[in-house]
Amino acid sequence: ALPASVARLTALRELKMGDCESLKSVANLPASVTQIGKDAFRGCASLASITLPASVTQIGGYAFYGCTSLASITLPASVTQIGGQAFLGCTSLASITLPESVTQIGGGAFRGCASLASITIPASVTQIGEYTFYGCTSLASITIPESVTQIGGQAFQGCTSLASITLPASVTQIGGQAF
């Protein structure tokens, strides 16, 4: 359990748990936590599970960068933003559910998630940023909703298992080397 002083936090922005290589799981984060801040769990290579409270609305940039043991994560329905490179290099991440509340997915958010096989982009998202799924070599299935109008450069580059993709009529811009 986390110390009582942590229960008073409203953000993990300054709680530097990064590079805690022996940290295996995190549970019982206080309901007062609304953000998993930038670099919060960066480099926690042994982190295999984490339970996020329903109060979390934002996942900061590089929040789980290099968490190579993290195999799945459920984002609460309150999450609206996923920062750039949030899950960069999470090579074991095979399952993630993006709630309908998500409106922004930062560039490179899932870059190098080599075990991620499928993902559904919520209808609340309007653009897929640069490098978002770059190097997701197991990605075989992705659902892109009609709300998406832009796909950034290199968004799906290196997705060698992606055999087909259906682009909705709403897409008006596709960046260089997107596929």
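Tabulated results
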| read-out | value |
| --- | --- |
| Cβ-Cβ FRET estimate between SER101 and PHE179, R0 fixed at 25 Å, reported to 0.05 | 0.35 |
| P(r) weight above 14 Å for the stretch 114-179, C-alpha pairs, percent | 53 percent |
| Relative contact order (%) - the chain, alpha-carbon pairs under 8 angstrom, separation at least six | 13 percent |
| Nearest-20 debye value, the chain charge dipole, Cβ charges on Lys, Arg, Asp, Glu | 280 debye |
| Among ALA123, ALA71, ALA27: highest mean-square fluctuation, GNM of the chain, C-alpha pairs under 10 Å | ALA27 |
| Accessible solvent surface per residue of the stretch 71-179, calculated while the other protein chains remain in place, 1.4 angstrom probe, Å² | 41 Å² |
| Label point distance in nm, SER55-ALA71, each placed 7 Å from Cα along Cα→Cβ | 3.0 nm |
| Accessible carbon and sulfur surface of the chain relative to its total accessible area, %, 1.4 Å | 50 percent |
| Full-stretch length increase - GLU146, SER25 - with 0.36 nm per residue and alpha-carbon distance subtracted | 39.9 nm |
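The values are calculated or read from the model by the stated rules, or taken from the named source; none is laboratory data. Everything numeric in this text was worked out from a predicted model, so none of it was measured. Using ideal geometry, Cβ is built from the backbone for each residue, glycine included, and neighbour counts are taken over all protein chains shown. The accessibility values were calculated without ligands, DNA or RNA, using every heavy atom of the protein model including side chains. Shrake-Rupley method; radii C 1.70, N 1.55, O 1.52, S 1.80 Å.
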